[in-house]
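Taken together, the values in this text are just the output of simple stated rules run on the coordinates, not laboratory data. Predicted, not measured: the structure shown is a model, and the values here were computed from it. Here the Cβ positions follow ideal geometry from the backbone for every residue, glycine too, while neighbour counts run over all protein chains shown.
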Amino acid sequence: MVQLQINYLDWNGSVAQSGRCYEVAKKHGKKVIVMEPVKGGTLARLPEPAMQLFCDFYGKDAPSPASLAIRFAASLDEVLVVLSGMSSMEQVLDNTACMQNFVPLSADERALTERIERFLKSAIAVPCTACRYCTEVCPKDIAIPDYFGLLNLHAVTGQKTNMYYQRYSMNHGKASDCLACGLCEKNCPQHIPIREMLKEFAALYEDAAAK
Ligand code: SF4
Ligand code: SF4
């Protein structure tokens, strides 16, 4: 078997290429273990317009957005196991409930994931999965994925959360502390231009605060 990053946001993506990797595994008769089915939480906390699509589709008995993402991965024929990072008992119960009486995604639900995918791709600024491989090598201990989370939140909702930035930068390097050494980019599986994005983040959060 092989372990692959598979979720509906990366299915047609040019970086993680979930769909293409899955087809290669299938061609070679390999079963698949799925990682990142909820893409680091991105598909569990849908922004407002995407959440509206989701609620319009399911109505008042809507399941959680995370369960849609997990069922997407589990609906693939060659998938053996779906791994998902969980940080509360509520998430454990939700994730296991949707697998207990498992129902594969219908064609209409698959079409819904494609509509949400199109919206998210148009809104997200940085395709960071919060794997934190970059932070392991950063000499300035910059909280890179946390800052990218704030950048994406701003891109999707227009909200700036200075309080979070202050909290992160109290114990970690600030975005403007970046030495441009590039070590983080060598470790990033998503090939994100981290140095460039940190500059953008610093302009948004630090320059604006200094004015
Ligand atoms: S380029 Fe900046 S963020 Fe990346 S490892 Fe070096 S100091 Fe850290
Ligand atoms: S290595 Fe890349 S994807 Fe992972 S947390 Fe860092 S920036 Fe995000």
Query - Dipole of the chain, positive end: most advanced residue of A74, H172, L53 [Cβ charges, Cα centre] - result: H172
Report summary line: In whole Hz, the Karplus estimates of ³J(HN,Hα) for the range 125-138 (6.51, -1.76, 1.60; θ = phi - 60°; x where Gly or Pro) are 8, 9, x, 7, 9, 6, 6, 6, 4, 5, 5, 5, 10, 6
Query raised in the report: Dipole magnitude of the range 2-121 about its Cα centre, charges +1 at Lys/Arg Cβ and -1 at Asp/Glu Cβ only, in debye to the nearest 20?
Result: 380
Query raised in the report: Tell me, how many Å apart are the Cα centres for the range 1-70 and for the range 120-164?
Result: 20
Report task. Within 10 Å of each residue's Cβ, count the other Cβ atoms and sort V81, V103 from fewest upward. Result -> V103, V81
Query raised in the report: Considering only the other residues whose Cβ falls under 14 Å of the Cβ of L83, what net charge follows from Lys and Arg at +1 and Asp and Glu at -1?
Result: +1
Query raised in the report: How big is the C-alpha Rg of the range 2-121 next to the rule-of-thumb value 2.2 N^0.38 Å, as a ratio?
Result: 1.01
Requested in this report: Work out the length of the dipole vector of the chain about its Cα centre, built from +1 on the beta-carbon of each Lys and Arg and -1 on the beta-carbon of each Asp and Glu, and round it to the nearest 20 debye.
Outcome: 300
Report summary line: The long-range amide H neighbours of Q3, using H built 1.01 Å from N in the peptide plane and a cut-off of under 5 Å, are I33
Query raised in the report: Which whole-Hz ³J(HN,Hα) couplings does the range 64-80 yield from phi under the Karplus relation 6.51 cos²θ - 1.76 cosθ + 1.60, θ = phi - 60°, glycine and proline marked x?
Result: 7, x, 4, 5, 5, 5, 5, 5, 4, 5, 6, 7, 6, 4, 8, 7, 8
**Report entry** Modelled FRET efficiency - R0 25 Å, S122 with R195, Cβ distances, 0.05 increments
**Finding:** 0.55
Query raised in the report: Local charge sum around L179 (other residues, Cβ-Cβ under 10 Å, Lys/Arg +1, Asp/Glu -1)?
Result: +1
Report task. May I ask you to evaluate 6.51 cos²θ - 1.76 cosθ + 1.60, the Karplus curve with θ = phi - 60°, for each residue of the range 112-123 and list the ³J(HN,Hα) values in order in whole Hz, giving x for glycine and proline? Result -> 4, 4, 5, 5, 5, 4, 4, 5, 4, 5, 6, 9
Report summary line: What helix-only [θ] at 222 nm does the chain give? Using -39500 (n - 2.57) per DSSP H run of at least 4, over all residues, to the nearest 500, the answer is -14000 deg cm²/dmol
Report summary line: If each K or R counts +1 and each D or E counts -1, the residues other than R132 whose Cβ falls under 12 Å of its Cβ total -3
Requested in this report: Order by neighbour count: T113, T42, fewest other Cβ atoms within 10 Å first, most last.
Outcome: T113, T42
Query raised in the report: How large is the dipole of the range 144-210 about the Cα centre if only Lys and Arg carry +1 and Asp and Glu carry -1, each at its Cβ, rounded to the nearest 20 debye?
Result: 100
Report task. Identify all lysines with a Cα-Cα distance to K30 below 25 Å; exclude those on the same chain that are fewer than 8 residues away in sequence. Result -> K39
